[in-house]
Amino acid sequence: MPDTKAQPDTTRVPALDLMRVAAVGAVILYHYGFWGPAAHGVPQVAMPLLAPVAQYGFLGVPVFFAISGFVIAYSAEGRTPVGFTIARFSRIYPTFVICMTLTFATTLALGGAHFDVTWRQWFANLFIAAPALGQPYMDDAYWSLVIEVMFYVWVAALLALRIFPRRIDAIIVAWIAITFANELTIDAPIFEKLFMADDSGFFAVGLLIYEHYRGRRDARLYGLMSLAMGTAAFQAVHKIERLDVHTHGSFDAGIVVAICIVSLGMVFLATRIRSLPLPARIVLAAGGITYPLYLLHLQLGYTILLAATSGQPGILSTTAAIVGVVWLAWFVWRVLERPAHSWTKDRLTMLASRLGWPSRIHAGAQLALQDASIGGISPQNRKDPSAGRR
């Protein structure tokens, strides 16, 4: 029997895996060089000398959102709302529970004077949005996962209404209009959370990059892309206004805009690269560990680092802690995530089948949706999407 794990996955955009690595690397740089888990009273970041550069690493998170827009657009193709929900839930939730529990256990054992956790907090975090249950996140980085899940909810709802992706232009225009209406008027937190008004431009860029990837070429697409990128740049600058208050940093708005535009341009270019001069296994592993690495790097990493150094981390100890967290993320991806993902997806798919809820759209309906969503491009001229369904 062939070793399927050793065979390269031909249904991925390999350069996007490297973009994920770059994005999570920027976030790690931000947390270890500029702004650690301050809510827990950590006295200093591990490598403050990197602060002038590290402070811009916060932009790694919205770059993840742009990549998510691209990947989710493909993940939704051919799936019913039920099928899409099963695919996304099985992709993110088992890994989240594994990493959150590892963080809980490590903090419980080694937290010492800097960190403390409770079983009530662990239970509340099983629902991801722990603050809604009156408990703090197990890790401060989890806030972005709530934004990601909200995006999935909207995509599932729009699939159910049968307007995604066929009305993608109208969806994006309405979304950006709501964003600016809120940001420039009442700036209500409920609208920020419900409509992801602080990150909508990044998700929209990802969705539009996927439209281009599928073969769409028209002036309206490029116009919307410019609008979405402008919105993303506006939102990135808006973020530093809030970060200035909390971090007392000194951000340059011009640098933020430049990093934002260049990063989104690199996401676009990554979708144009079909192959890389790197071993497929390495690229696959690099992309695979980014999600568990993001979930583990902050509180678990700092807990181990401060416990090992008595609260006085240095460059070598910090580097060792980061390498250790990277190895742990690889272990989670390679050994724990795959069976948990497969088991969850298989069980939910069987349950949906018993209830008479199909996970896939039949071929005829799918072709009609594709033609409608990209302006009637014929199947012969449509590019074959090859992004990994994750």
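Table for the structure above
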read-out	value
Tally of residues being modelled with pLDDT of 80 or more, part of a helix (DSSP H, G or I) and out of contact with any Gly (no Cβ under 9 Å at 6 or more places or on another chain) across segment 236-254	7
Residue pairs meeting the criteria (Cβ under 8 Å; at least 6 apart or on separate chains; first surrounded by 20 or more Cβ atoms within 10 Å (Cβ to Cβ), in segment 91-105; second among the hydroxyl-bearing types (Ser, Thr, Tyr) and part of a helix (DSSP H, G or I))	PRO94/THR344; THR95/TYR291; MET100/TYR142; THR103/THR303
When residues of segment 255-285 are limited to those that are part of a loop (DSSP other than H, G, I, E, B) and of a type in the set (Val, Ile, Thr), the one farthest from the chain's Cα centre (by Cα)	ILE273
Given (1) modelled with pLDDT under 95; (2) touching a Pro at 6+ places or on another chain (Cβ under 8 Å); (3) surrounded by 22 or more Cβ atoms within 10 Å (Cβ to Cβ), index of the condition GLY83 fails	(1)
Selection from segment 46-58 of residues that are open to solvent by 10 Å² or more (accessible area, probe 1.4 Å) and assigned to a helix (DSSP H, G or I)	PRO48, LEU49, LEU50, ALA51, PRO52, VAL53, GLN55, TYR56, PHE58
Candidate set from segment 203-244 (those that are among the basic types (Lys, Arg) and surrounded by 18 or more Cβ atoms within 10 Å (Cβ to Cβ)); member that is farthest from VAL13 (Cα to Cα)	LYS239
Residue count for segment 120-153, restricted to those that are surrounded by fewer than 20 Cβ atoms within 10 Å (Cβ to Cβ), on the phi < 0 side of the Ramachandran plot, part of a loop (DSSP other than H, G, I, E, B) and not aliphatic (A, V, I, L, M)	3
Selected residue (criterion: nearest to GLY83 (Cα to Cα)) from residues of segment 323-364 that are within 21 Å of the chain's Cα centre (by Cα) and among the small types (Gly, Ala, Ser)	SER342
Boolean, ALA156 is open to solvent by less than 30 Å² (accessible area, probe 1.4 Å) and free of Cβ contacts under 8 Å to residues at least 24 places away in the same chain	no
Scope segment 168-211; condition over 22 Å from the mean Cα position of the chain (by Cα), in a helix (DSSP H, G or I) and of a type outside the set (A, V, I, L, M); matching residues	ASP169, PHE180, ASN182, GLU183
Which numbered condition GLY288 fails, given (1) more than 20 Å from LEU29 (Cα to Cα); (2) in contact (Cβ under 8 Å) with a residue 12 or more places away in the chain; (3) in a helix (DSSP H, G or I)	(1)
One residue from TRP327, TRP333 being open to solvent by 70 Å² or more (accessible area, probe 1.4 Å), part of a helix (DSSP H, G or I), of a type in the set (A, V, I, L, M, F, W, C) and at pLDDT 95 or above	TRP327
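The values are calculated or read from the model by the stated rules, or taken from the named source; none is laboratory data. A quick note: this is a predicted structure, and the numbers were derived from the prediction, not measured. Ideal geometry is used to build each Cβ from the backbone, glycine not excepted, and the neighbour counts take in all protein chains shown. Note: areas computed on protein heavy atoms with side chains; ligands, DNA, RNA excluded. Shrake-Rupley method; radii C 1.70, N 1.55, O 1.52, S 1.80 Å.
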